Amino acid sequence: MGIAINEAVEIWDSAKEELKKVVPEASYPWIMPLEAAGFENDKLTLITGASFAVQIIRKFHYKQIMDALKSVVGREIKFDIIVDSKKTEELKKQTEKINKKYFDKETRERAMNNLAIMQSAANLNLKYKFENFVVGENNKMAHAVALQVAKDPCKKINPLFIYGGSGLGKTHLMQAIGHYIITHFPKLKIRYIKTEEYVNELINNLRMGGNSNDRMEKFRQKYRNVDVLLIDDIQFVESKTRTMEEIFHTFDTLYNKGKQIVITSDRLPKDIPTLTDRLRTRFEMGIVVDLQPPDFETRIAILKNLAAQERIEFPDDVCEYISKNFCDNVRELEGVFNKVSAFASISGVPVTLEFAKSTLKCEENKKKITIDEIAKVCAEYYNVTVKDLKSTQRSQAISQARQVAVYLTRETTGMSYVNIGAYFEKKHPTMLFSYEKIKKELITERRLREDLREIKQALKLEGQG
Ligand code: ADP
Ligand code: MG
């Protein structure tokens, strides 16, 4: 299996010719430098050096590119843009250099193939490396353990299970392990897979001929014949018996051979309802680490890091302003950064506090508040601790504080019950129940309304419903 680079380049070159007919010249700087990196499963992978180009293209040129690709290939295909400030080539050259020095030709080829497989099959983002991962109180432990696995794969920590809410860096950390191993242990064969894609692939294979054929065997080998398997977003696994069986056997085959397994999920194994017990136990066998939302300091460090990567000046007061107002997760923070930097670059002005404020005006007005802040204030108000809220204790005060926190989180952040549940370490029906209960009680209980008013005041949410 190799990466279809040539095909990708051909498609993209022709598509660019088509695009020149419809795209205004002002947009050429975003589109024309995109490089084709692979074409697989009817998806073209493009690489850019500027992350804000992705937003601009998605927003203004998505359909034009889709149409151009369709007219070139003759059918509808998808495309994906990967941000890589240093570009693929550089990494390839670097890897090659290391390899040449230490390894024979066959090993080198396999290492290059690893890279290609990772990049194409996995949409591996070259930005997702340890170098670009900002470490703070919220992710210190997860980072340390991930680095340990990367430095010493297939040894003590197996499997590694990373969990945390959306946009907190699970995929980043997991792929960082992959990158590190590729460059430092070129002999090891790595495969990254999104659970959804794995399940789809499995179902397709089963549909096309059941258990005994070559297809199925090939499929199995693809995942069982590796040294490091990275499985992203396991919460999307289906409870279908066949899926469970396959994953179970893949896990056991690898585990018994002493191969490294890394899994991510938005919640703990015990809170993934579709998992069978024996898989759950296996996932809990190694080390389980979590990622929490970044604190204020870490948010600033992340912004500074992004600014350095993009070589754009982001003054301290701008970083502070953004960190104060956008705190849910790193993905959101990046979105805000991209918006400000793109607008500044388009209008050719430096990023100042005034500029950032006016660019982000509408978002800021909806004042963002995090589940963490809500939990803290609610716990404090009812004289309990956040740890209590996450525990299974059901004393009157703890239950009340927890339910109010769930209600407020849902109301003010719109977070899903699944994610709220992940935070409080509870199942999502319990979260839904808490929300409904408070909602009902608010109608009849004046005391509760008073509590809520005071809590909102503490959160500076008053006047927002
Ligand atoms: P998840 O998989 O948990 O939903 P991702 O790994 O996709 O989250 O992270 C979302 C975005 O935030 C990515 O662009 C990632 O690079 C960035 N990110 C997350 N955590 C960090 C961090 N600690 N330092 C730098 N960037 C981060
Ligand atoms: Mg992810």
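The values are calculated or read from the model by the stated rules, or taken from the named source; none is laboratory data. Just so it is clear, the model here is predicted, and its values are computed rather than measured. Quick reminder, even Gly has a Cβ in these numbers, built from the backbone with ideal geometry, and neighbours come from all protein chains shown. Side chains are part of the model used for accessible areas, which takes the heavy atoms of the whole protein and leaves out ligands, DNA and RNA. Shrake-Rupley method; radii C 1.70, N 1.55, O 1.52, S 1.80 Å.
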From the list Val377, Val289, Val330, Val384, which residue is away from ligand 1 (no atom under 16 Å from the Cβ), in contact (Cβ under 8 Å) with a residue 60 or more places away in the chain and out of contact with any Phe, Trp or Tyr (no Cβ under 6 Å at 6 or more places or on another chain)? Val377
Answer with yes or no whether Arg280 is at pLDDT below 90, open to solvent by 30 Å² or more (accessible area, probe 1.4 Å) and not hydroxyl-bearing (Ser, Thr, Tyr). no
Across (1) buried (at least 20 other Cβ atoms within 10 Å of the Cβ); (2) without any contact (Cβ under 8 Å) to a residue 12 or more places away in the chain; (3) of a type in the set (Gly, Ala, Ser), Ala308 clears everything bar (1)
Please verify whether the stretch 163-180 includes one or more residues that are hydrophobic (A, V, I, L, M, F, W, C), crowded, with 23+ Cβ neighbours inside 10 Å and more than 14 Å from ligand 1 (Cβ to nearest atom). no
Scope the stretch 331-357; condition open to solvent by 30 Å² or more (accessible area, probe 1.4 Å) and in contact with a Leu (Cβ under 9 Å, 6 or more places away or on another chain); matching residues: Arg331, Glu334, Lys339
Considering only residues that are under 18 Å from Val288 (Cβ atoms) and either open to solvent by 20 Å² or more (accessible area, probe 1.4 Å) or of a type in the set (Lys, Arg) (or both), which ones fall in the stretch 139-151? Lys140, Met141, His143, Ala144, Leu147, Gln148
Which one of these is in contact with a Phe, Trp or Tyr (Cβ under 7 Å, 6 or more places away or on another chain), more than 23 Å from Val149 (Cβ to Cβ), away from ligand 2 (no atom under 16 Å from the Cβ) and not in a strand (DSSP E or B): Ala301, Ala307? Ala307
Looking at the stretch 228-287, which of its residues are of a type in the set (Ser, Thr, Tyr) and assigned to a helix (DSSP H, G or I)? Thr241, Thr243, Thr250, Thr253, Tyr255, Thr281
Those residues of the stretch 190-205 that are surrounded by fewer than 18 Cβ atoms within 10 Å (Cβ to Cβ) and either more than 16 Å from ligand 2 (Cβ to nearest atom) or small (Gly, Ala, Ser) (or both) come to a total of 4
Residue list for the stretch 206-255, filter: within 16 Å of ligand 2 (Cβ to nearest atom) and at pLDDT below 90: Phe236, Val237
Is the stretch 363-381 home to any residue that is farther than 24 Å from Val336 by Cβ, of a type outside the set (A, V, I, L, M), open to solvent by 40 Å² or more (accessible area, probe 1.4 Å) and modelled with pLDDT of 90 or more? yes
Within the stretch 1-54, residues outside any strand (DSSP E or B), among the polar types (S, T, N, Q) and at pLDDT 70 or above come out as Asn6, Ser14, Asn41
Report, by residue number, each residue of the stretch 224-267 that is within 18 Å of Glu201 (Cβ to Cβ) and basic (Lys, Arg). Arg224, Lys240, Arg242
